[in-house]
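The values are calculated or read from the model by the stated rules, or taken from the named source; none is laboratory data. Keep in mind the model is a prediction, meaning the values are calculated, not measured. Virtual Cβ from ideal backbone geometry, glycine too; neighbours counted across all protein chains shown. For the accessible areas, the whole protein counts, side chains as well, though only heavy atoms, and no ligand, DNA or RNA atoms are used. Shrake-Rupley method; radii C 1.70, N 1.55, O 1.52, S 1.80 Å.
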Amino acid sequence: MTNVAEGALDRARWLYENRGLRAKELAAQGKQVVGYLCCYTPAEFMTALDLVPYRIQGGVGKPLKQADQHLETIMCPYVRSCFDLAMGGEYDFLSGVVIPHTCDAMHRIYDIWKYHMKPPYSHCITVPHMTHRASFEYFQKELEDFQHSLERFVGRSASEEDLVRAIGLHNRCRALLRELYELRKQEPPLISGTEITRVLVAGMTIPVQEFNDLLEDIIAEVRGRKPSSDGRHRLLVVGSEVDDVAMIRLVEDCGASVVMDDLCTGSRSFWEDVDHAKGAVSGLAARYLGGITCPCTYREGKVPERFSYLGDYVRDWSIQGALLYAIRYCDTYQLDAPEIKGYLESLGLPVLYLEDDYIMPPLGQWKTRIEAFLETIEAGKEE
Amino acid sequence: MAQEAKEKTSSRKSTESAGKIRTVVKRMYQQAQQAKEEKRKVAYCMVMCNYEEILEAMDIVQVYTENYAGLCAVKRQAEPYMEKARAEGYSDLLCGYAQVGIGFDALRHELGEMPPDAPDGGMPEPDMLLGCSMGCDPRWKWFQALGRYKDTPIYNIDVLMPPSDADMEAIKEHSVRYMAEELRGLIAFLEEQTGTKMDYDRLMAIVRQVEETRWWWREAYELRRAIPCPMSTQDHFVLFVPHHMMLTDSFTLDFYKGLYQELKERVDNGIGVIDDEKYRLLWGVGLPPWHTMSILDYFLNFGAVFAAETAYMVPESFEIPPDVTDPVQLIAERAFERNSALQWRGQQAGGVPPLAQAHLERIEDFSIDGVVMHITRSCRASTMGQILVRNVIREHYPKMPVMFMESDIVDLGTYSEAETKNRIDTFMEMVGAYKGSAG
């Protein structure tokens with residue numbers, strides 16, 4: 001594996017800064033790498049068929065070059081960024097693309113991606129928005145259809161044992177990430193939000209077994225740290241896609257620690273395991289439809305029950321303030337955001353709402369707002 | 001400018017049927033308010049959820065919140081509600097309909113009564129909120145947001161839109177089963193809310209009536225293939241109202257029969273929307289600018305008539321299978337057939353994306369010379385994919401002019417009349433050149 005770094009966190013940083021290199025290396029060796037969008041795509045199916053799942057990411061700080069000619073400006077900027085990179089050849093190493101219909105932007109980009117990129121393999125997974133009993137039964141059928149589609153692509157079948165083995169690898173990955181997140185509970189946290197972001201992004205670009213090995217090394221390395229508390233405020237970040245350190249690093253440079261998240265590139269993507277006791281595909285359907293807290297899935301109930309998991313995070317990670325991060329034009333998140341804000345404020349937390357176009361975060365403006373926000377938290381502590 | 005736009009609109013021949021709609025809409029809201037006073041159950045609804053017949057069979061009064069937002073925009077009374085929604089923390093980029101609807105209910109909650117001067121007397125306080133996933137995301141998220149202002153039971157259902165390249169035969173069985181189960185879940189919810197049981201014979205009779213209604217609307221719509229075109233898009237964007245909001249009413253069946261007769265008479269007598277129809281346009285995907293519908297008349301000055309649309313489309317034809325006796329199963333099968341028809345025809349055409357397929361079919365069937373699409377700032381679902389559609393049109397009709405108009409469904413602040421007219425002027429020059437080159 002090409003990697004000039006020595007420590008595990010350095011390795012993660014290298015992978016983060018050289019995204020796609022490892023996958024390209026594998027592709028050059030003959031491996032088939034399949035790109036996917038969104039944390040609702042069950043990567044286990046790809047792993048089971050010896051494909052390399054690669055979560056497609058955007059490019060914060062990279063102005064669009066070609067996407068404007070093909071995508072409307074009011075479309076999800078994250079999706080536009082991903083597509084722009086693809087148009088520029090960034091994802092030419094992919095053998096295929098999988099896009100779940102989880103929100104309007106994902107739904108629309110599938111046809112557009114296929115039309116322009118003409119990938120050798122493509123598949124759209126219909127993800128129910130509801131969580132009725134019938135929704136899970138339907139989703140299981142959809143996932144079986146996805147499995148058959150992949151099997152036709154690679155020309156071989158995945159047995160139940162193959163799927164269970166893949167589930168085991170991905171569950172191991174989830175367990176390791178949760179273990180790493182546990183190390184953020186203590187004061188001070190043993191690993192920063194910036195470092196965590198790099199680790200998470202790195203993990204999206206390499207085979208799960210490699211990531212598991214890396215995580216074990218990272219956990220050992222982080223456990224060995226002996227930091228002393230410097231009284232930084234402990235923050236929770238709630239939002240959707242954060243696959244770049246810019247915002248988190250800014251917050252931490254301003255003097256806070258990001259110790260927990262509810263992001264689809266963060267805890268949302270690994271918090272729940274897959275239980276395959278009743279069958280692999282059934283377990284995957286249950287986990288991917290029922291175990292992800294994205295606002296694109298309708299969950300019955302009102303506040304506070306609907307967001308009580310955030311309350312658990314606040315309690316267990318000793319949160320002192322929350323950042324709500326919205327990518328512009330995300331209807332599902334923006335319809336929830338006022339209620340999430342109200343809920344967190346009801347817990348006594350100061351909340352800062354940040355919104356941007358994903359591609360060019362207004363870091364200068366944010367710095368002022370974040371500094372003022374941290375002063376608010378400080379003032380609250382003193383009262 | 002190659003052609004001078006003459007500022008005359010009096011030659012537009014609006015249908016008599018369209019002229020009835022304003023009265024119909026007023027009566028619809030009056031009846032809903034009266035029903036509320038009579039303690040009948042009122043539901044907030046979304047159009048095209050496939051539950052209209054079920055609600056009618058359960059005697060539930062249907063109030064369509066998106067369309068009320070459209071009404072507010074038409075009457076230029078949307079701003080106070082949008083401002084209220086924004087004050088409540090909702091983004092100004094959120095779906096414009098949702099902004100108006102949430103703002104309306106937030107204001108009512110704050111005032112403790114109907115907002116003063118609410119268009120057409122306002123929407124009555126609902127007894128239940130019924131969303132669905134057909135069409136776009138806000139249609140099942142919006143009602144949950146109303147939980148901040150009311151403790152009203154919610155029931156949302158999935159209505160699937162199969163992927164463009166799905167093997168329809170392979171997915172049909174489980175897709176139809178899911179749709180049927182979703183509808184059965186809704187019926188159980190409604191039975192609990194109303195304390196009455198579903199009358200399935202009545203439901204089946206309503207379904208049959210609805211399909212007859214649609215048959216007449218479709219037949220009427222097809223008459224617009226005639227040259228000159230007997231009906232404009234300006235009329236279409238009001239004539240859809242009975243179908244979308246009063247689908248199960250016997251009035252609606254008679255209304256579309258009447259529309260058919262009116263258009264047939266026009267076609268038989270060679271009567272068009274304007275005296276000298278030079279160009280035929282397609283209003284492509286993108287909901288109309290409800291705040292300034294008069295801009296559509298500007299095209300008439302160039303001798304251009306919108307002969308067809310891909311917004312508020314007439315439902316695909318559907319033959320009720322003689323062997324299906326369960327109306328719920330029937331509705332589920334119908335939903336799948338309709339929601340997969342464009343995908344299937346797109347596949348047959350060699351892999352044309354369904355949204356583009358809808359446009360290609362209209363261009364061919366309605367002898368179209370140019371396409372106008374509306375990029376709406378706050379409506380993602382009807383805007384995303386417009387450039388793809390244009391690209392596919394260009395593949396099939398390389399010189400076909402396509403214009404993008406930019407504003408919003410409700411937010412007047414996004415609209416520039418001068419800029420829009422400039423674009424139309426340029427576009428119509430291109431249409432003229434295109435038509436001329438095509439002979």
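Within segment A:358-376, not a single residue is more than 30 Å from residue B:135 (Cα to Cα), open to solvent by less than 40 Å² (accessible area, probe 1.4 Å) and within 11 Å of another protein chain (Cβ to nearest Cβ). Note on segment A:54-70: residues that are among the basic types (Lys, Arg) and either within 18 Å of residue B:392 (Cα to Cα) or open to solvent by 80 Å² or more (accessible area, probe 1.4 Å) (or both) total 2. Determine if segment B:374-381 includes at least one residue that is facing chain A (nearest Cβ under 10 Å), of a type in the set (D, E, K, R), assigned to a helix (DSSP H, G or I) and in contact (Cβ under 8 Å) with a residue 24 or more places away in the chain. The answer is yes, given that some residue of segment B:374-381 is facing chain A (nearest Cβ under 10 Å), of a type in the set (D, E, K, R), assigned to a helix (DSSP H, G or I) and in contact (Cβ under 8 Å) with a residue 24 or more places away in the chain.
Give the residue, chosen from B:342, B:296, that is in contact with a strand residue (DSSP E or B) (Cβ under 8 Å, 6 or more places away or on another chain) and either acidic (Asp, Glu) or part of a helix (DSSP H, G or I) (or both).
B:296
Select from segment A:309-339 the residues that are of a type in the set (Val, Ile, Thr) and within 20 Å of residue A:251 (Cα to Cα) and list them in ascending order.
A:314, A:319, A:327
Within segment B:119-139, if we keep just the residues that are hydrophobic (A, V, I, L, M, F, W, C) and open to solvent by less than 10 Å² (accessible area, probe 1.4 Å), the residue that is farthest from the other protein chains (Cβ to nearest Cβ) turns out to be B:123. Among the criteria (1) at pLDDT below 95; (2) open to solvent by less than 20 Å² (accessible area, probe 1.4 Å), the one residue B:322 does not fulfil is (2).
When residue B:146 is tested against the conditions (1) in a helix (DSSP H, G or I); (2) out of contact with any strand residue (DSSP E or B) (no Cβ under 8 Å at 6 or more places or on another chain), the lone failure is (2).
Every residue, every condition in (1) surrounded by 23 or more Cβ atoms within 10 Å (Cβ to Cβ); (2) within 12 Å of another protein chain (Cβ to nearest Cβ); (3) outside any loop (DSSP other than H, G, I, E, B); (4) touching a Phe, Trp or Tyr at 6+ places or on another chain (Cβ under 8 Å), yes or no:
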residue	(1), (2), (3), (4)
B:360	no, no, yes, no
B:364	no, no, yes, no
B:395	no, yes, yes, no
B:404	no, yes, yes, no
B:410	yes, no, no, yes
B:424	no, no, yes, yes
B:428	yes, no, yes, yes
B:433	no, no, yes, no
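Restricting A:47, A:73, A:41 to residues that are open to solvent by 10 Å² or more (accessible area, probe 1.4 Å), among the polar types (S, T, N, Q) and more than 10 Å from chain B (Cβ to nearest Cβ) narrows the list to A:47. Of the helices (runs of 4 or more DSSP H) lying entirely inside segment B:156-253, those containing at least 2 residues that are within 14 Å of another protein chain (Cβ to nearest Cβ) and crowded, with 19+ Cβ neighbours inside 10 Å span B:168-194. Where helices (runs of 4 or more DSSP H) fall entirely within segment A:80-185, those with at least 2 residues that are of a type in the set (Val, Ile, Thr) and away from chain B (no Cβ under 14 Å) are at A:160-182.
Say whether the condition of being of a type outside the set (Val, Ile, Thr), in a loop (DSSP other than H, G, I, E, B), out of contact with any Phe, Trp or Tyr (no Cβ under 7 Å at 6 or more places or on another chain) and closer than 30 Å to residue A:329 by Cβ is met by at least one residue in segment A:3-17. Outline the logic, then answer.
So in segment A:3-17, the residues of a type outside the set (Val, Ile, Thr) come out as A:3, A:5-17.
With in a loop (DSSP other than H, G, I, E, B) added as a condition, the list becomes A:3, A:5-7.
Among the residues that remain, those that are also out of contact with any Phe, Trp or Tyr (no Cβ under 7 Å at 6 or more places or on another chain) are: A:6-7.
Checking which are closer than 30 Å to residue A:329 by Cβ leaves us with none.
No - not one qualifying residue is present in segment A:3-17.
If you go through segment A:240-263 and pick out every residue that is hydrophobic (A, V, I, L, M, F, W, C), part of a loop (DSSP other than H, G, I, E, B) and surrounded by fewer than 24 Cβ atoms within 10 Å (Cβ to Cβ), you end up with 3.
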